[in-house]
Every structure is written in structure tokens, then in C-alpha cells.
1. How big is D, in µm² s⁻¹, for region 459-599 by Stokes-Einstein at 20 °C and 1.002 mPa s if Rh is the Kirkwood radius over C-alpha pairs?
2. Between SER160 and ARG190, how high is the FRET efficiency from 1/(1 + (r/R0)^6) when r is the Cβ-Cβ distance and R₀ = 35 Å? Nearest 0.05.
3. What list of ³J(HN,Hα) values in whole Hz, one per residue of region 494-499 in order, does the Karplus curve 6.51 cos²θ - 1.76 cosθ + 1.60 (θ = phi - 60°) give from phi, with Gly and Pro shown as x?
4. Show the residues, 5+ positions off or on another chain, whose built amide H is closer than 5 Å to the amide H of THR315.
5. List the residues, sorted by chain then number, that are 5 or more residues from LEU260 or on another chain and whose placed amide H is less than 5 Å from its amide H.
6. Apply the Debye scattering formula to region 407-506, with a single equal point scatterer on each alpha-carbon and no solvent, then give log10 I(q)/I(0) at q = 0.13, 0.14, 0.21 Å⁻¹.
7. Normalized C-alpha radius of gyration of region 530-577, against 2.2 N^0.38 Å?
8. Starting from the Cα-Cα distance between ALA577 and LYS278, subtract it from 0.36 nm times their residue separation and give me the gain in nm to one decimal.
Amino acid sequence: MDSLRLPQPMAAESKYKEDPNERHGNHSKEVKASPAHSTVALIEEEPEDTDPWDLPELKDTGVPWSALDTKGKVLRVLLSVGKLIVLLGLLYMFICSLDILSSAFQLVGGKAAGDIFQDNSVLSNPLAGLVIGVLVTLLVQSSSTSSSIVVSMVSSGLLSVQLAVPIIMGTNIGTSVTNTLVAMTQAGDRSTFRRAFAGATVHDFFNWLSVLVLLPLEVATGYLYVVTKLITDSFNIESGEAPDLLNVITDVLTESIIQLDQSVISGIATGDPEARNKSLIKKWCQTFTNTSLMNVTLPSPENCTSHCWVDGNYTYIMKNISTTYGVEKCTHLFVDVNLSDLAVGLILLALSLLVLCSCLILIVKLLNSMLKGQVASVIKRILNTDFPFPFGWVTGYIAILVGAGMTFVVQSSSVFTSAITPLVGIGVISIERAYPLSLGSNIGTTTTAILAAMASPGDTLADALQIALVHFLFNISGIILWYPIPFTRLPIRLAKGLGNITASYRWFAAVYIICCFFVLPLFVFSLSLAGWPVLVGVGAPLVVMLILIIVINILQKRKPGCLPAALRSWDFLPLWAHSLAPWDKVVSVFTAKCCCCCKCCQLATDDQEHRETESVEDNKKPHTEVYDNPAMSAETEVENEIKIELKILKMTRL
């Protein structure tokens, strides 16, 4: 008798399979058994044969263009134009929020940044100068601001150009934290977060690796200082004006919210006692300075430096005294607010972060709805396709030029790299293409600094231009080190490795940002304050141990036979010392307890209100075990019915 064909339940995804020993004849058909259900299976896992770094296909789920009538085509065109306008508006708000975020950080930590720069004894240490550049750029969220502080210190004679070179390297690192923070907003989807975080951190790795090579080279040879000095001495450069490109559009909104007096931070750094008591919030947008010759009283005749005279018990000297008068008051929102700089900075920080995250989420959603079907394929083909052989190598350098040009237009590397990070996350731009775009953004921001330096007054022109050229030459040297030869493109491989880790353990992204941009710089800075003996005594063993670990890891993957049997794996160490899995359990337990604490009060009130209703429902429902999943109860009943039908089949075959 032929076996009956059973109806398949809608909830079950696999067929049941009877025991091979109980088959009847050659006409019996297999019915596969359903696997045991577990909450672990609810976690989405990618197939092993697929590369997680392949760009996803953005499928068009809408009606094809050819199937639309005239009215539908007009509506689609209008809808696409409307989406494009909304996208441009969101990008405008996104750029303005980054500008306001920079102002907020300057209000919160600008004076502290000036105090950090004021300690010249610490700045004589190259490592301390590097760390100070990182920390100050993190505080003010603008490499242009921190560079302008360095220029003012060099032009006033408080800092030499040689000591300013490590600080400029540090500003290059500090400015790359913005796009890394932007990538954190895409942590919802595992694959998107993997690509977005790798696309953001490829910029970080380039900066860190460049510093690791070029800082020792600069300390040993003075390479950057000597070359830039030759350039500035060879050309008779006249001062000009730095162009205002995107700032003409964004300043309309940002200057109506807040305007800052940048000279206050520079004044604190250069030791001006009056600057410490001034507010960073600009009150007067137009001022008039009157200089007059006045009699000034000296404490004693010993303080006299030029022509003085004594009248009784007082000593006088003639000096030019400048008095500044306000002519036109500013019109921004906080001009008449009686709040401290810290309070205004915290308010702007919260609002700018809210607008920044909201705009970013909406931009990603809008791009996902726009980049579908043929549009997505065309854009991805344009951005990620190389030129045909033998000109494929030119594509990356054109991407560098595009990144430099776009950064020159927006006049901020943070804005450009933060804008392409969501595109990497949703799969429009590959990491291999995002890498040269990020390198180009480094070049673009230095060209803007060069033009700004050329607009400096005559007495500070040479120093400002040399520091801008140091920044430019540093990035050019880094590109020569880490881009032309594919083997040397280590930032891409390191960023992909970090992306895989953060995709599995998303909390590790926060650990990376805190350690690389805060803990490590503060640790090196504290050792620098203790002096060279402490820095070498503590830092040298740590560096040697880190190098040994890296070498052993490489040999474990490439040539494990060269290592002793004990070092061919890290299994001899405790699990928490070579795996993130135990730490992941700790983080999971901690977050679960925090969530429970937040929901305790609400659950207690809900239980009190619904206790009687739940007791009545429990009496009506069949009892389940603690480990049962109520959501699968319907499927379980269907499985039990199929088992009964299988028994009936076996009996009929007998």
C-alpha cells in the first residue's frame, strides 16, 4: 500500500522523517523530523559560504516602471524629487548639527584645552605633544580650531614649530572620532553595523599607523620640519583670503544659534590673564578699538622700562592703552542668556546630538527607500567599479581626489567621513572604496588649512603656513606608506577584523572608542607628566609585550610549526584572557539586570492590576513547563497531530 501524502502545517518549515527500519517497500516516502526548538536558533546567522563583506543586493520591492501608467509615473517622479529635497534638507541639518556640536564641545572644554596647551614643559615631550593634540581635538571636536591654537602659540613665541609637529599629528587622530561615533548609531542591524564600523575605523587605523611610523622618524630626523621649512623659505607667498564655500550656507543657521569668540581659547593658551575671565559666547559682532596715550602708574621705580617720572610717592609712564567698545550686538539665541559657558555648552551638546542622531537615522531610512533596483545598481557600479585593465590602479587615486575635493567643499573632514559612513553601512560603498575617500578627506582638510594660513597676517604668515604644510605632508607621507601597494593596505584588514568583532560583540565598539581615544591618551599623558624615566620604564615593557603578542599571532596563523607546542594556541591561558565570550556573558548579565531594575516598578504595578485576570486565564489554559515556549504551543499541537497520523500509517502498513 502506498504511503499517504500528509498535509504540511503552515508553521512547520521541515518535513518529518520516519525511521529507516520502519519503511515499507520502495514506494514509501521520507517524512523529515522537526528539529528541537531553542531560543538560540532565533539569532540570525549568516550562511558559512557567504562573505559578510559582500555588498548586499538592494532589491526593488515596488512596481516596475514599465508597469506604471502615466499617472503612476508622474507620481513616482514627484515622490523621488520630494525625497531628494528632503534628503538635501537632512544633510544640511546634519552638517549644521556637527558645527553646533563642535561649538558645544568648545564651550564645555575650550578653556581646559587652553590650559593644557599652556604647559610648555610637557609639550617638549613628543609623546605628550601627540596626546595633547588628540585630547584637545576631542575637547573642541575640530582639528581646525586646535591647529589655530597651535599657530597662535607659535606666532607668539611660546612654542617652536618643531614642538608643534607632534601636536598636529595628534589633531589628525582626534578628528577621526566623529565618524566612529556616527557608526554607533547603526548598531541595530548586525551586518550594517559590521560594515559601518569598519568603514569608520579604517580612518582611525590609517592615522594611528601613520603616527607609529612618522613620529619616531620626525623625532630622529626632523623630516617634516626640514621639508616644510625649505618650502616656506623657497616661495615668496603673499597673504590672501581663505574661501568660504559651504560655510556661506550653513553659517546662516549656526550663527543664529550660537557664535563663539575663538580668541579666548588662544588667549588662555598664550597666557593672557584677561582671557580667563572672558566668556566664549560672543556678545558683540562689531567692535571699535580706540588707542590713546595715557599715564600709567607703576608699582615702583624699579619697574620702569622707558621714560618715567616720579610725582611724590607715585611713578608714572606713558603707554598706549587700547579700549574696545561694542558697536553692534550679535543676534544669536544665547547672546543675552545669563548662563555659564558650561551650561550653554551642555544644552547645545544634548540638542546637537539629538538632531545629529535623528538626521542620521532618517538619512539612512531615506537612502534605503531611494537606492533600490536600477538606481542602486547604477550607483554601486559607478562608485565601486574599477577602470578596465591596465588602468584599474588609477581608480583609487581618483577616489582620493574626489574625497579631497568634497572635503574642500564642505571644509571639514569630519562632515565628509561622517556622511559616507551610513553609505558604507547600507552597502552602497565598499570599504575598499571608502578607504581612499577617507584618505582624500585628510588631504582636503589640510588644503583648507593652507588657504586659511595664507589669509593670516604678515607677522604670523610664515609660521601658520609651515604648520599647515606639516599637516599636509604628514597625510601625504601616510598615503605613500599605506596605500600604493595593495599589500601595505593594513588599515582595511584591521578595520575588517574589528568589524567582525563588533558585529559579534557590539559592546566592544564602545570599549574601542573609550580605550583608543580616552584611556590610552590619558595614560600616556600621565606617564609623560612623571618624566622620561617613568615613561620609558613603564611604556617600554608594554610596547615589547604588545609586539611579541602580535608576532605570535601572525606566526600562529601563517607558520605555527615555527612555534613551540605550547604557543601554537592561547589555550594555556584562562578563557577570559584570550576570548571575549566570558566578557560577553558579564555584559549580558549586567545589561539584563539594568533592564530589570528599570522595569521593576512598572511590572510590580502591572502584576497587581492583572493578577486576578491572569489567574482566571491560567485555569483555562493547559499547564506548560518552565522551559516551554508559549509562542510555539500552536506548532507543538500540530506536531503531536502529525505524530499520531504517522502511527496510523505504520499500523495500516502492517
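1. For these conditions, the coefficient is 109 µm²/s.
2. Given R0 = 35 Å and the Cβ-Cβ separation, E is 0.10.
3. 5, 5, 5, x, 5, x
4. For THR315, the qualifying residues are LEU298.
5. Answer set, sorted by chain and number: LYS282.
6. Calculated log10 I(q)/I(0) at the listed q: -0.58, -0.65, -1.10.
7. The reported ratio for this selection is 1.50.
8. Contour length minus Cα-Cα distance gives 102.6 nm.
No value in this document is a laboratory result; all are computed from the given coordinates. Here the structure is a predicted model, which means the values were calculated and not measured. Glycine also receives a Cβ, built like all others from the backbone with ideal geometry; neighbour counts cover every protein chain displayed.
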